[in-house]
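Participant: Please see the structure below; I have some questions.
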């Protein structure tokens, strides 16, 4: 790192591989919320657990009542359709879901310099599961990922800068690139008379998602401008005692350097993960014996990823499956087949991340040392 950020002024000692490891109180770093001890794993409060239970009930309610209502199918018909799936269908979507998580972990490895892939995979899986299982669990998931990476001896600023970089990449891919690709596929499909009925609300959903993401990216870019950030830090220093401005600016430079020098390593794995999830949709449609133009499968997948951002349920679970099934029905696919295809896709996008993340989190907690990495 540069001269403005040294081991001494961050309370760090020099470890192996030259990556500084904090040896002083982590709470002194300006990146962390007040009262947060990064040497300890995040804990689910009773209110969070109640929220998770209520969210799960909402997802179940959406699937039990909204899915049949939106498609015109009955659960007897849906279960019959699921029972008649070919033997290869479930293993295929399981493999695609696991491969997508593995690719996303590559982005984390690239973003967090010095992170081992195995640890990044464990932490990312646990983080994604927490974000899916708990309302507002995205921030807690990032905190959990940071704790798992911290246990390997990585410096806290390095971890946080990397997590921010990976989060920006996820925002760019899921909230900007995928909706734009979906809009493009939808526009191209409309040129062909063979595509059938239009997808209800697809255009406006994608436009709203892109607009919101572009605004968020614009505000983030503005905040990362050195002059703007310096001004904000100066204002903060006038309001309350603050002595970490140089550290914040240094990590801002590290973050931008990571984004500028390693764009392919950051973007391509996450883009490939979304590609595999789209393949899972195509596989699911094929498994139920339906025929949907390939361009429209891209549009349906993009619509699903946009709906996954809706905060009504974590990860949009229940909403994505219901709206996706309704879109398939609008394209002429049978009601039971549409519902079955989206439930099969949910294995890739919901079930695999939840189960894999639960295993990753359990492993991390079981292997957690009784003392923190900074304890002699």
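Participant: Could we say that residue 109 is more than 30 Å from residue 342 (Cα to Cα), crowded, with 20+ Cβ neighbours inside 10 Å and free of Cβ contacts under 8 Å to residues at least 24 places away in the same chain here?
Facilitator: Working: more than 30 Å from residue 342 (Cα to Cα): yes; crowded, with 20+ Cβ neighbours inside 10 Å: yes; free of Cβ contacts under 8 Å to residues at least 24 places away in the same chain: yes.
Taking the combined requirement at face value, the residue satisfies it.
Participant: Name the pairs: first residue in the range 74-87 and surrounded by 14 or more Cβ atoms within 10 Å (Cβ to Cβ), second residue in a loop (DSSP other than H, G, I, E, B), Cβ to Cβ under 8 Å, at least 6 apart or on different chains?
Facilitator: Between residues of the range 74-87 that are surrounded by 14 or more Cβ atoms within 10 Å (Cβ to Cβ) and residues that are in a loop (DSSP other than H, G, I, E, B), the close pairs are 81/288; 85/288.
Participant: Residue 5: modelled with pLDDT under 75 and not in a strand (DSSP E or B), yes or no?
Facilitator: Numbers: modelled with pLDDT under 75: yes; not in a strand (DSSP E or B): yes.
So residue 5 fits the description; yes.
Participant: Quick one: would you say residue 373 is touching a strand residue (DSSP E or B) at 6+ places or on another chain (Cβ under 8 Å) and either at pLDDT 80 or above or not in a helix (DSSP H, G or I) (or both)?
Facilitator: Numbers: touching a strand residue (DSSP E or B) at 6+ places or on another chain (Cβ under 8 Å): yes; either at pLDDT 80 or above or not in a helix (DSSP H, G or I) (or both): yes.
Yes; evaluated as a whole, the condition is true for this residue.
Participant: For the range 129-182, enumerate the residues that are free of Cβ contacts under 8 Å to residues at least 24 places away in the same chain and crowded, with 20+ Cβ neighbours inside 10 Å. Show your work before the answer.
Facilitator: Step one: list which residues in the range 129-182 are free of Cβ contacts under 8 Å to residues at least 24 places away in the same chain, which gives 138-139, 141.
Result: 141, single match.
Participant: Does residue 199 fit the bill of being crowded, with 19+ Cβ neighbours inside 10 Å, modelled with pLDDT under 80, outside any helix (DSSP H, G or I) and over 21 Å from the mean Cα position of the chain (by Cα)?
Facilitator: Judged against the criteria, residue 199 is a match.
Participant: Can you run down the residue pairs with Cβ atoms below 6 Å, 6 or more apart or on separate chains, where the first is in the range 335-348 and closer than 13 Å to residue 283 by Cβ and the partner is outside any helix (DSSP H, G or I)?
Facilitator: Qualifying pairs under 6 Å: 340/288; 341/288.
Participant: Something else about it: Can you confirm whether residue 354 is farther than 22 Å from residue 183 by Cβ and surrounded by fewer than 23 Cβ atoms within 10 Å (Cβ to Cβ)? Before you say what the answer is, go through the steps one by one.
Facilitator: Details: farther than 22 Å from residue 183 by Cβ: yes; surrounded by fewer than 23 Cβ atoms within 10 Å (Cβ to Cβ): yes.
Judged against the criteria, residue 354 is a match.
Participant: With in contact with a helix residue (DSSP H, G or I) (Cβ under 7 Å, 6 or more places away or on another chain) and either closer than 17 Å to residue 57 by Cα or not in a helix (DSSP H, G or I) (or both) as the only criterion, which of 296, 354, 303, 328 stands out? Outline the logic, then answer.
Facilitator: Details: 296 fails: either closer than 17 Å to residue 57 by Cα or not in a helix (DSSP H, G or I) (or both); 303 fails: either closer than 17 Å to residue 57 by Cα or not in a helix (DSSP H, G or I) (or both); 328 fails: either closer than 17 Å to residue 57 by Cα or not in a helix (DSSP H, G or I) (or both).
The unique qualifying residue is 354.
Participant: From (1) more than 23 Å from residue 81 (Cβ to Cβ); (2) within 20 Å of the chain's Cα centre (by Cα), pick out the condition that doesn't hold for residue 366.
Facilitator: So residue 366 meets the others, but not (2).
The values are calculated or read from the model by the stated rules, or taken from the named source; none is laboratory data. Predicted model, so just to flag it, every value in this text is computed and none were measured. Positions of Cβ are backbone-derived with ideal geometry, glycine not excepted, and every protein chain shown enters the neighbour counts.
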